[in-house]
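K.L.:
I'd like to ask some things about the structure below.
The values are calculated or read from the model by the stated rules, or taken from the named source; none is laboratory data. Please read all numbers here as calculations on a predicted model, not as lab measurements. Glycine also receives a Cβ, built like all others from the backbone with ideal geometry; neighbour counts cover every protein chain displayed. For the accessible areas, the whole protein counts, side chains as well, though only heavy atoms, and no ligand, DNA or RNA atoms are used. Shrake-Rupley method; radii C 1.70, N 1.55, O 1.52, S 1.80 Å.
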Amino acid sequence: MIIFVIIGYTFLVIFSFIPLYKKKLWSDFWVNSILGVLSFTIAVLISFNVKIPSPAKPIANLITSIFGK
Amino acid sequence: MRKEQISDKEAIILIMMFIIGTTLIVGTGGNAKNDAWISGILATFSFIPLLLIFSRLLSLFPGKDLFDIFSMVFGKVPGKILSAIYIWYSFHLGGLVLRNFGEFVNVVAFPETPLFIPMLCLGIVCIAAVYLGIEVMSRTTAIFVPLIISIVFVVLILGIPQLRMDYIQPILGNGFTTILVGAFSTFSFPMAETVIFLCIFTSLQTKKSPKRVYIWGTFIAASMIIIITIRNIAVLGNLAGNFYFPSYVAASRIRVGNFIQGVEVTVSFVFILGVFVKCTVCLLAACKGIAKVFNLKDYRSIVVQTGLLMIYFSYTVYYTIIEMNYWINKIYPYYAFPMQVIIPVITWIIAEIKKSRQPLTNK
């Protein structure tokens, strides 16, 4: 699985990051690369079957503590 | 860059598909059992004032989206915080819709395929659609909508022999409170989610069109939802709230002679297109918001990464379908209420006050 992730993100870097770098759109490039690093991390974690904490449980606890069941 | 513009008709179709999208399958007002159709009607009527507020906000600031309106009304820093809330909301909503679709495919069609694959496929289509822009999106929807409406009505007509109208009685049998609870969940689940459109309707033609678009889109979609709800109750009876996908089960009961069977596949076609529209609109809103907050040149440069994040988010947000159903019915209406009602109403009041003061200061 990890192979697919790495191949996919290599293509993304070639086709979406490098054009932005060449056009010197710096804010676009930095926001995009931060999001890209985040999504790459999550993709790697998913491919290793790591359980990623979801916001559904805390929100549910918050709502039920306010309004009751 | 060329300014994008969509006609009123396309915008109406977009809103209609957005509202009926997931609702046709997941069903509404499950708490109200066989009075769910009354809660649908109540929810539609209670949505009308909110709808007027949304369209008024859009026509007060023509050509501006919600993120611009926030920074104009509240100032720069509070505007960015509110924008962040809406980015999160649209991102979350898109993830939930995508997850709905994944569970639907997993339960109904491909039980052996990993959940991730159908969501990834649809997510990539959504990314492509957002990358091409709102014009392409709305025209694609406009091409498919006649097919969708005809499918819905043909299935409705074919289902007539299965109807048992006595399932609808007793009306108000479970008391009025359950109907109100059902109406609240119907109000927040398909209707008031149209707040997302405040973020993307910068390309309407005239100042009057937001009102027209909102009213007609909501009217058509609400009438379709109410008819479908009545159909589901009349076919399935009290059980309608117990299924994950009541429309699918109701359509699978259809048997005309020995040769018209398995009509439920058409229903899943409707569902897939609805999910596509809804997810695309949410992704577009999230990307536009991120681009506005960070002052980017174009929202297109971050579409791919945001879309991929949305797919991963939708994969990790719930562990089971039971948790998803509980969340949709019990938690979501309360969770979404501030974003759907409170913040737009406050924004509208302050905007009206500021607008009425402005001519005085100019003189």
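K.L.:
Using only atoms on other chains, find how many Cβ atoms lie within 10 Å of each Cβ of peptide B:305-313 and report the average. Can you show the working numbers first?
P.N.:
Values: counts 13, 4, 1, 10, 6, 1, 4, 8, 5.
Going residue by residue through B:305-313 and averaging, the value is 6.
K.L.:
Other chains' Cβ within 10 Å of A:57-68 residues: what's the mean?
P.N.:
Details: counts 5, 0, 6, 8, 1, 3, 8, 3, 0, 1, 4, 0.
Across the residues of A:57-68, the mean count of other-chain Cβ atoms within 10 Å is 3.
K.L.:
What Kirkwood radius, in Å to one decimal, follows from the Cα pairs of chain B? Intermediate results must be reported in sequence, preceding the final value.
P.N.:
Details: mean 1/r = 0.0476 Å⁻¹.
Computed over Cα pairs of chain B, the Kirkwood hydrodynamic radius comes out at 21.0 Å.
K.L.:
While we're on this one: Given 10 Å bins starting at zero, what is the percent of C-alpha pairs of the stretch B:309-363 in each, up to the one with the largest pair distance?
P.N.:
Reading upward from the zero bin: 19, 26, 22, 15, 12, 5, 0.
K.L.:
When all alpha-carbon pairs of the protein assembly as shown are counted, what percent fall beyond 43 Å?
P.N.:
Values: 11421 of 93096 pairs.
Of the Cα pairs, 12 percent sit more than 43 Å apart.
K.L.:
Return the residues of the stretch A:21-48 for which accessible area with all protein chains present is lower than in the chain on its own by 20 Å² or more; set the probe to 1.4 Å and exclude ligands, DNA and RNA.
P.N.:
Flagged in the stretch A:21-48: A:Leu25, A:Ser27, A:Asp28, A:Val31, A:Asn32, A:Leu35, A:Ser39, A:Ile42, A:Ile46.
K.L.:
Something else about it: B:Ile149 to B:Asn242: extension gain in nm, 0.36 nm per residue of separation minus the Cα-Cα distance?
P.N.:
Numbers: separation 93, 0.36 × 93 = 33.48 nm, distance 2.61 nm.
The span from B:Ile149 to B:Asn242 would gain 30.9 nm if fully extended.
K.L.:
Using the Karplus equation 6.51 cos²θ - 1.76 cosθ + 1.60 (θ = phi - 60°), what ³J(HN,Hα) coupling, rounded to whole Hz, does each residue of the stretch A:39-45 give in order, writing x for Gly and Pro?
P.N.:
These are the phi-based 3J(HN,Hα) values: 5, 5, 4, 5, 4, 5, 4 Hz.
K.L.:
Over the stretch A:2-67, average the accessible area per residue using a 1.4 Å probe and give it in Å², no decimals.
P.N.:
Working: 4420 Å² over 66 residues.
In whole numbers, the stretch A:2-67 has 67 Å² accessible per residue.
K.L.:
Rounded, prolate or oblate: which one fits the stretch B:43-105, using the alpha carbon gyration tensor with axes a ≥ b ≥ c (rounded when a/c is under 1.5, else prolate when a/b beats b/c, else oblate)? Write down the numbers at each step before the final one.
P.N.:
Numbers: a/c = 2.87, a/b = 1.39, b/c = 2.07.
Since a/c reaches 1.5 but b/c is at least a/b, the shape of the stretch B:43-105 is classed as oblate.
K.L.:
Using a loss threshold of 20 Å², tell me which positions in the stretch B:322-338 are less accessible in the complex than in their chain alone. Probe radius 1.4 Å, ligands and nucleic acids ignored.
P.N.:
B:Glu323, B:Tyr326, B:Trp327, B:Ile331, B:Tyr334, B:Tyr335
K.L.:
Could you state the accessible area per residue of chain B in Å², with a 1.4 Å probe and every protein chain left in place? Spell out each step's value before the answer.
P.N.:
Details: 15020 Å² over 363 residues.
Accessible area per residue: 41 Å².
K.L.:
Follow-up question, since we're still on this one. Could you work out the helix-only [θ] at 222 nm for chain B, with each DSSP H run of four or more residues adding -39,500 (n - 2.57) and the total divided by the number of residues, to the nearest 500 deg cm²/dmol?
P.N.:
Details: 15 runs with 250 residues, N = 363.
After summing the helix terms and dividing by the residues of chain B, the value is -23000 deg cm²/dmol.
K.L.:
Further question: Just how much of B:Phe294 is accessible, in Å², when a 1.4 Å probe is used and the result is rounded to the nearest 10?
P.N.:
Roughly 110 Å² of B:Phe294 is accessible to a 1.4 Å probe.
K.L.:
Nearest 100 Å² is fine: what is the total accessible surface buried where chains B and A meet, probe 1.4 Å? If you can, show how the numbers build up before the last one.
P.N.:
Details: alone 16190 and 5980 Å², together 19830 Å².
The summed interface area works out to 2300 Å².
K.L.:
Let me ask something else. Quick one, could you list the DSSP H helices from chain B stretching 18 Å or more along their long axis (Cα atoms) with average Kyte-Doolittle hydropathy of 1.6 or above?
P.N.:
Working: long enough: B:8-26 (28 Å, 1.82); B:36-60 (36 Å, 1.81); B:76-104 (42 Å, 0.57); B:116-132 (24 Å, 2.55); B:134-158 (35 Å, 2.24); B:209-236 (40 Å, 1.24); B:264-293 (43 Å, 1.76); B:303-316 (20 Å, 1.18); B:343-362 (28 Å, 0.16).
For chain B, where a helix must reach 18 Å along its axis and average at least 1.6, the hits are B:8-26, B:36-60, B:116-132, B:134-158, B:264-293.
K.L.:
Once the principal axes of the Cα atoms of the stretch B:237-363 are found, what is the range along each, listed largest first in whole angstroms?
P.N.:
77, 36, 30
K.L.:
Mind telling me which of B:Gly95, B:Gly123, B:Gly63 comes out most flexible in a GNM of chain B, alpha-carbon contacts under 10 Å?
P.N.:
Taking springs between Cα atoms under 10 Å, the residue moving most is B:Gly63.
K.L.:
What's the Kirkwood radius of the stretch A:2-67 in Å, using all Cα pairs? Kindly include the intermediate steps, with their values, before the conclusion.
P.N.:
Details: mean 1/r = 0.0699 Å⁻¹.
The answer is 14.3 Å.
K.L.:
Cα axis of helix A:56-67 to longest principal axis of chain A: angle in degrees, 0 to 90, nearest 10?
P.N.:
40
K.L.:
In addition: Residue separation times 0.36 nm, minus the C-alpha to C-alpha distance between B:Ile85 and B:Thr206: what's the value? Could you put the intermediate results ahead of the total?
P.N.:
Working: separation 121, 0.36 × 121 = 43.56 nm, distance 2.86 nm.
Full extension from B:Ile85 to B:Thr206 adds 40.7 nm.
K.L.:
Additional query: What is the calculated FRET efficiency for B:Val77 to B:Glu323, with r their C-beta to C-beta distance and R₀ = 35 Å, to the nearest 0.05?
P.N.:
Numbers: r = 36 Å, r/R0 = 1.04.
It comes out at approximately 0.45.
K.L.:
As a test of the formula, what do you get for chain A when each DSSP H run with n ≥ 4 contributes -39,500 (n - 2.57) and the sum is divided by the residue count, at 222 nm and rounded to the nearest 500 deg cm²/dmol? Present the calculation step by step, with values, prior to reporting the outcome.
P.N.:
Working: 4 runs with 51 residues, N = 69.
When only DSSP H runs of four or more count, the value is -23500 deg cm²/dmol.
K.L.:
Restricting to DSSP loop positions (anything but H, G, I, E, B) with no more than 14 other Cβ atoms inside 10 Å of their own Cβ, which trypsin sites (Lys or Arg not before Pro) remain in the stretch B:99-206?
P.N.:
Working: sites: B:Arg99, B:Arg139, B:Arg164; in loops: B:Arg164.
Hits after loop and neighbour filter: B:Arg164.
K.L.:
Quick check: at a probe of 1.4 Å, how many percent of the accessible area of the stretch B:12-351 sits on carbon and sulfur atoms? Before the final figure, lay out the partial values.
P.N.:
Numbers: 9080 of 12910 Å².
Looking at the stretch B:12-351 in its full context, I get 70 percent from C and S.
K.L.:
Using all Cα-Cα distances in the stretch B:1-156, what percent lands in each 5 angstrom bin from 0 up to the longest?
P.N.:
2, 7, 10, 15, 19, 19, 14, 9, 4, 1, 0
K.L.:
What figure, in Å² to the nearest 10, do you get for the accessible area of B:Tyr299 with a 1.4 Å probe and non-protein molecules left out?
P.N.:
Surface accessible to solvent at B:Tyr299 totals approximately 20 Å².
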